[in-house]
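Right, one structure below, let's go through it.
The values are calculated or read from the model by the stated rules, or taken from the named source; none is laboratory data. Note that the structure is a prediction, hence the values are computed from the model and not measured. Heads up, the Cβs are rebuilt from the backbone with ideal geometry, glycines too, and the neighbour counts pull from every protein chain shown. Please note that ligands, DNA and RNA were not included when accessible areas were found on the heavy atoms of the full protein model with its side chains. Shrake-Rupley method; radii C 1.70, N 1.55, O 1.52, S 1.80 Å.
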Amino acid sequence: MEICTICDEPIKDSEPYRKTVHSRSTDGIRPLAYQHKKCRKAPSRVPFITSWSSEVTRDPAVVLRPLVGGVGYAAELRSDRDEHGTLWLRRDSSPGRGRPRYGLVHTGRQRLAMQRLLCQVCGEPADQDDRGTLWLVEDDRGQFAAWPEDILTTHPPICRPCLRAAREQCPHLWSGSVAIRVGRSDVCAIYGRRYTLSRLGPIPVEADIVSFGSPLLQWTIASQLVRGLNDCTIVSVDEELAALP
C-alpha cells in the first residue's frame, strides 16, 4: 500500500490517487511518489517569494572588471552589489501586479526572507521555539546518514499556519517533504549564474552554489541566498499543526 506524501496516510485501493514522476534531487533521482487526488490542491495564495509577470529581469551587459578581476555590469550601480561586494541579478519589484509566475523565485524577496528568517509563503516571521526555526524541505533522507544535518538550502523557513498549504499546493514538495527544526543556520553562500572568460568576453558557464570566500564568487551573478542548516531535528507535521492555536 502506498503512502500519500502530503497527508502521510495510506492510499486505499478504492481511493483516487495521482503520482509524481521521478524528480531529480541533489543525490540523483527520487523514487516515484504518490498522493491522494484530493490532497493535491491548486494554489489559494501566492507565496511571498514568487515572482509576478510585471517583475521584469533586467539583463545589463556583463563585462570583465580588469583591475579587480571577475565580472560586473556595464554602467554598474551601487545597489547592484551587497555589503560583501557580491553582484546581484537585477529584477523589478511589483508584487501583486500581473500574473504570479509560480516556480520562479523573486531574487529580492527570497534574499529578504533568508536574511530575516521570514516565512516563504506569507512573508511573516517563521515559527521559532526552543528547538529552533521551522523549515519544510524536500525529503532527501537517502542522501547521507546524517541528513538533514549540515544541508544547504535556498528555501526560506516557514510558519506553522502555512505548513499545510505548502505541502498541498507546492508541486516541488509533492514528491515528499520533511518538517525540521533548525537550531542554528548561517547565510553561507549564494546560488547564481557563474561566468568564465572567453575571447569575446565573459560568458555564462553554469548555475551553481558558490560559498562566500570562494574565488569563484567574483565570477558569479547571485540570484538567491543560501543557508546552511545545523542542529537539525526532524519533527512531525501533524504535531506542528496540532500546536496551532
Exactly one of 205, 210, 178, 182 is in a strand (DSSP E or B), open to solvent by 30 Å² or more (accessible area, probe 1.4 Å) and either without any contact (Cβ under 8 Å) to a residue 60 or more places away in the chain or out of contact with any helix residue (DSSP H, G or I) (no Cβ under 6 Å at 6 or more places or on another chain) (or both), and that one is 205
Considering residues that are open to solvent by less than 30 Å² (accessible area, probe 1.4 Å), hydrophobic (A, V, I, L, M, F, W, C) and under 30 Å from residue 59 (Cβ atoms), the number found within segment 218-245 is 4
Checked segment 49-90 for anything more than 21 Å from residue 216 (Cβ to Cβ), open to solvent by 50 Å² or more (accessible area, probe 1.4 Å) and either touching a residue at least 40 places away in the same chain (Cβ under 8 Å) or β-branched (Val, Ile, Thr) (or both); matches are 56, 57
Inside segment 60-87, can you point out the residues that are at pLDDT below 90 and either in a helix (DSSP H, G or I) or within 16 Å of residue 210 (Cβ to Cβ) (or both)? 69, 84
How about segment 185-202: which of its residues are closer than 19 Å to residue 61 by Cβ and either open to solvent by 50 Å² or more (accessible area, probe 1.4 Å) or out of contact with any strand residue (DSSP E or B) (no Cβ under 7 Å at 6 or more places or on another chain) (or both)? 193, 196, 197, 198, 199, 200
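Results for (1) at pLDDT below 95; (2) exposed (fewer than 14 other Cβ atoms within 10 Å of the Cβ); (3) over 17 Å from the mean Cα position of the chain (by Cα); (4) assigned to a strand (DSSP E or B), shown as yes or no for each residue.
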site	(1), (2), (3), (4)
112	no, no, no, no
121	no, no, no, no
133	no, no, no, yes
142	yes, yes, yes, no
145	yes, yes, yes, no
Within segment 21-33, identify whether any single residue is more than 21 Å from residue 192 (Cβ to Cβ), surrounded by fewer than 16 Cβ atoms within 10 Å (Cβ to Cβ) and at pLDDT 90 or above, and answer yes or no. no
